[in-house]
């Protein structure tokens, strides 16, 4: 990672020691993430590997009228390399999911229009929740149950973040090392409004440390804020990615990487970089104006190839 030495933010961050009530001035360390950094995170696959070696992911997504979010996040998860994927969806989405993405397994909720129940979690390696789930009270109960029972790493997006913003009790249950992927509006609902982007970034750094989680603040040069008082700026992506479903794709990519045993930090950095690079490739082909979320998914494989070719060329 390349340190950004000309940016200094001093924030009053909570002491990591939960038993201490003291607060101290702490410098946030800033880094720029480049292709060579991400190349070092992607392992070479063993010739004799099978799908069980690459993890089983669970994506909890969708509600009536928002089944497409589940499709996008599921496709992105599998494109990022997860060996197996189960999508938990309300009953209204069964035919759509089975038709649109036959590679995924489906777990049908007992309710027709939104998610209200949580199945057994023990077989999964990582869990994602949020795309298109809505903010129904019973869906909030699923989120609470997930926080209390899951031992896997979690990635939260969209309505999962909105439910956190509405319920302080849920926030207290948030497991350490969870990954949250808010855009500016979602983060403002979660942590309070900010007068400008600088203040919002400062608040995101504080929030990540306070809640021992990773905050991926989406936007131009997406910032990955960590519980270790570090902030990483991404170097890929373009304005064409400001389109419906783009965030669902990012959530799926990160979930797929977590299922493959990437650490929360490496999954966040790699996921954001791949997402942006795939978006750049899509924009080069389609234009920024016509880019849609599905175009990003279709270029994830090419993004992987570009990064792995970087490694090969470096060795040569």
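FYI, it's all coordinate maths here, none of it is from the lab. Model, not experiment: these values are computed from the prediction. When we count neighbours, we look across all protein chains shown, and the Cβ atoms used for this are built from the backbone with ideal geometry, even at glycine.
Taking a ≥ b ≥ c as the square roots of the eigenvalues of the Cα gyration tensor, segment 155-280 is rounded, since a/c falls below 1.5. Take every Cα pair under 8 Å whose residues are at least 6 apart in sequence, average their separation, divide by the length of segment 195-295, and the relative contact order is 25 percent. Could you state the number of Å between the C-alpha centres of segment 160-181 and segment 219-294? About 21 Å separates the Cα centre of segment 219-294 from the one of segment 160-181. Among 45, 64, the ranking by other beta carbons within 10 Å of each residue's beta carbon, starting with the fewest, stands as 45, 64.
Based on C-alpha pairs under 8 angstrom that are at least 6 apart in sequence, the chain has a relative contact order of 20 percent. With both residues required to sit in the chain, DSSP beta bridges show an antiparallel share near 35%.
Cα gyration tensor of segment 56-121, axes a ≥ b ≥ c as square roots of the eigenvalues: rounded (a/c below 1.5), prolate (a/b > b/c) or oblate? Here segment 56-121 falls in the oblate category. When the P(r) of segment 22-163 is calculated, the portion above 21 Å amounts to 49% of the C-alpha pairs.
Checking the a/c ratio against 1.5 first, then a/b against b/c, what shape does the Cα gyration tensor give for segment 139-185? Note, shape of segment 139-185 comes out oblate. Please identify which residues in segment 59-77 have an amide N closer than 19 Å to a label point set 7 Å out from the Cα of residue 121, following the Cα→Cβ vector. The answer is 59-62, whose backbone nitrogens lie closer than 19 Å to the label point. GNM on the chain, alpha-carbon springs under 10 angstrom: the most fluctuating residue among 62, 141, 128 is 141.
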